[in-house]
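Participant: This is the structure I have questions about; it appears just below.
The values are calculated or read from the model by the stated rules, or taken from the named source; none is laboratory data. Keep in mind the model is a prediction, meaning the values are calculated, not measured. Virtual Cβ from ideal backbone geometry, glycine too; neighbours counted across all protein chains shown.
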Amino acid sequence: MKDFLLEINVEELPTSYVRPALDKLKNAFIERLNRERIGHGDISAFGTAGALICYVKDMSLKQEELSQEISGPPKKIAFDENGNPTPQGIGFAKNQGVDIKDLKIKQMPKGEYVFIVKKIKSRPAKEVLRNLIPEIVKSIGFPKTMKWDDSGMRFARPIESIVVLLDKENIKIKLGNVPAKVIKGTSAGAYLKKLEKACILDQDKRKTEICNMIKSIQKKLGLDEYVDKNLLEETNFLVKSPVLMIGDFDKKYLMIPRDVLAASMSKHQRIFTLSKNNKLVNKFIAVIDGKGRNIAKMKKQYANILEARLKDSLFFYNEDIKKPLSAQTLKLKDLIFQKDLGNMFEKIQRLEELSSFISERINIDAAKREDIRKAAYLCKSDLVTQMVGEFPSLQGAMGMEYALKSGEKKSVAIAIKEHYLPKGLDDSLPETIEGAILAISDRIDNIVGLLGSGIEPKGSFDPFGVRRNTQGLIQILNHKSLRLELSSLIKKAIESYKGKLKISQEELEKKVINYTKERLEFLAPDTRPIELKQAVLKSDCNDIVGVFKRVEALSEISAEKYFLKAAKVCERTSNILKGAKSANIGAVNESLLKEDLEKEVWRAYTTNSAAIKNLIKEERYKEATKAYGEAFFETLHRFFDKVLVNAEDNALRENRLAMMQAINELYTNDVADLAMLPQIVV
């Protein structure tokens, strides 16, 4: 066993690409080495924006030998009654490249069969790696890729060189026109140590080091100990040997709104703002690469660039506040929302309509409704301001600031900012009801419009954020416990487009519901078994809050015997109904109940169904599950043991199937289809 190292040297990657790429690189090696039967120890992945490295401890120098059992024809076909091989037996041996004497006999469930044991020879690891590494490198997916030479090789940025070391041997591989970097007389382990000596190679250690250095300076200066986690992640992949530098700027720029200062500093220069008692001070911290740099010179460069940016920001701010925010709204007619979906002014008109619809459905009072309507009218107006034109990330934040400057109510201003939340999975959610309703309106309008115009995600490619919008919609509804009927909301959003959409209403409704279910499976909550979430989603998911409640309640009782009984009832009734898809199953006709056991089953239904339905309606899912399991488990067990559901008589068969359907749907329609759970054993 020897250590192995792969180093991919690349032109600077976008920092957001690096960590996912390292995870994919590591997982690809784990999966493919195991698939190729190459033993190994720990696998690690390290990197910066300029290099991706994978290190494998104790890699086997050859594949593990494999014995494969290959079945042939039945014994009675391969050999005659005297034990002599038949043409079929001889043909099987010949096709497998073995002598007829090597055929063995094995007892199988269907009788005796001939088989052979074939040994698959092991290959040297370096031989396997020659084919494996190009496959692994090409498998590292990125949001965007590029071609940079005539080989057709695609990657996020041009690959400059590649190092492949198995102990001291440089393994030659073919990866487009990428040149191999030869490391002479150095083992993979020694080369890794050399890299580690030159910098902090481990990205997690490097990130911790940067964070600790920033906090140390903040503490020394008596400032708030706060580190922007997104900026920390970004700067972490831009440096190998981090060094911190403290700079300052003119105090006059502190009059600029905090969000603007943060955007000017963190987004464009990747420098950390500093604050005291939660108020920004005129100092900053920059993380630079490498020791021994001319700090004084760099400090001056950073200050000069920042001065120019803040000067522009102050100018934009002063220009924008000369007019009220509402004066910008009509300019939205010249701003395209999406080429097939009209302009942004038409969008805010739809948002007014949708917000009003939602407010009515959840009984919002008249005063709040007017605030929401006003926020909907103003929510996109900052898109045409000079500040947002320069800093697009400030959309919403500047809308709030300019609304307050224009004399709008605080609730209106906050709703404008909050309607962009959440911007990602771990982002904050709207806290005000005004902001939540406007955010829901914006997201359902985006989802319906994009899907309705034929734009939808393909694999991991989702440039218009359909999944992100769906995810946000779910999070907001659940966070605010809004019991809003999803199907009605979708219909209203489709209607508000007034015939602009390319897809039929019925097809579009199904698409939106499917995307919602897909995201619900991902979100609700990820600590719960996937099969249980799928079982809940097979039932009604028109009420997002209800889905979360059902997943939570059923997860808590999934080990209880009564839960397993209820699941068995679902499973057995579901299985009997699968074979009756073509049958015309109607209502149960009591006059056709002939057997005592089927009368007993139907009596269990008529006696208990009303109480179970009431428990479900009251969202007492634990009690409903217990009542359902206890009402039908024993009775159905006896019934299936003695009574044939699929009787020859059509009327009798359909009546019994109708009874099974009534029992099944009593629970599965509104709680969960527990038949989807694996291995239901009571």
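Participant: Please list, ordered by first then second residue, the pairs with beta carbon atoms under 9 Å, 6 or more apart or interchain, first in the stretch 219-246 and touching a residue at least 60 places away in the same chain (Cβ under 8 Å) and within 16 Å of Asp202 (Cβ to Cβ), second part of a loop (DSSP other than H, G, I, E, B) and β-branched (Val, Ile, Thr).
Facilitator: Val239/Ile200; Lys240/Ile200
Participant: Of all residues in the stretch 666-681, which are closer than 12 Å to Arg550 by Cβ and small (Gly, Ala, Ser)?
Facilitator: Within the stretch 666-681, Ala672 is the sole residue that qualifies.
Participant: Quick one: what pairs do we get from the stretch 400-412, first residue at pLDDT 95 or above, second among the aromatic types (Phe, Trp, Tyr), C-beta under 9 Å, 6+ apart or different chains?
Facilitator: Final answer for the pair search is Glu401/Tyr317; Glu408/Tyr402.
Participant: Same structure, new question: Quick one: in the stretch 641-682, of everything that is among the basic types (Lys, Arg) and without any contact (Cβ under 8 Å) to a residue 60 or more places away in the chain, which residue is surrounded by the fewest Cβ atoms within 10 Å (Cβ to Cβ)?
Facilitator: Step one: list which residues in the stretch 641-682 are among the basic types (Lys, Arg), which gives 642, 653, 656.
Still in the list and also without any contact (Cβ under 8 Å) to a residue 60 or more places away in the chain: 642, 656.
On the way: Lys642: 11, Arg656: 28.
My answer is Lys642.
Participant: Another question, then. Does at least one position in the stretch 247-270 carry a residue that is assigned to a strand (DSSP E or B), in contact with a strand residue (DSSP E or B) (Cβ under 6 Å, 6 or more places away or on another chain) and of a type in the set (A, V, I, L, M)? Explain how you work it out, then say what you get.
Facilitator: The first filter runs over the stretch 247-270 and keeps only residues assigned to a strand (DSSP E or B), leaving 247-248.
Still in the running and in contact with a strand residue (DSSP E or B) (Cβ under 6 Å, 6 or more places away or on another chain): 247-248.
When the remaining residues are screened for being of a type in the set (A, V, I, L, M), the result is none.
No, that holds for no residue.
Participant: For the stretch 424-445, what are the residues that are in contact (Cβ under 8 Å) with a residue 40 or more places away in the chain and part of a loop (DSSP other than H, G, I, E, B)?
Facilitator: Of everything in the stretch 424-445, those that are in contact (Cβ under 8 Å) with a residue 40 or more places away in the chain and part of a loop (DSSP other than H, G, I, E, B) turn out to be Gly424, Leu425, Leu429, Pro430.
Participant: Moving on. Hey, which of the helices (runs of 4 or more DSSP H) in the stretch 149-239, taking only ones fully inside, have at least 3 residues that are touching a strand residue (DSSP E or B) at 6+ places or on another chain (Cβ under 7 Å)?
Facilitator: Passing ranges, in order: 188-198, 203-220.
Participant: Further, regarding this structure: Considering only the stretch 271-286, I want to know if a residue exists there that is modelled with pLDDT under 95 and in a helix (DSSP H, G or I).
Facilitator: Within the stretch 271-286, not a single residue is modelled with pLDDT under 95 and in a helix (DSSP H, G or I).
Participant: Taking the criterion of being surrounded by fewer than 19 Cβ atoms within 10 Å (Cβ to Cβ), assigned by TED's automatic domain parsing to the domain that holds Ile444 and at pLDDT below 95, would at least one residue in the stretch 344-360 satisfy it?
Facilitator: no
Participant: Related question: So, in the stretch 65-96, of the ones that are surrounded by fewer than 16 Cβ atoms within 10 Å (Cβ to Cβ) and of a type in the set (D, E, K, R), which residue ends up farthest from Glu36 (Cα to Cα)?
Facilitator: Residue satisfying both the conditions and the ranking: Glu81.
Participant: Take the residues of the stretch 635-682 that are of a type in the set (Phe, Trp, Tyr) and more than 13 Å from Lys565 (Cα to Cα): which is modelled with the highest pLDDT? If you could, list the steps in order and put the result at the bottom.
Facilitator: The initial filter retains those residues of the stretch 635-682 that are of a type in the set (Phe, Trp, Tyr), namely 639-640, 667.
Then keep just the ones that are more than 13 Å from Lys565 (Cα to Cα); that gives 639-640.
Details: Phe639: 95, Phe640: 92.
Among them, the one singled out is Phe639.
Participant: Taking Ile43 as the residue in question, decide whether it is in contact with a Cys (Cβ under 8 Å, 6 or more places away or on another chain) and in the same structural domain as Ile159 (by TED's automatic domain parsing).
Facilitator: Here the answer is yes, as Ile43 does meet what is asked.
Participant: May I pose another question? Checking Glu509 against (1) without any contact (Cβ under 8 Å) to a residue 12 or more places away in the chain; (2) closer than 24 Å to Gly452 by Cβ; (3) charged (D, E, K, R), only one condition comes out false. Which one?
Facilitator: Failed condition: (1).
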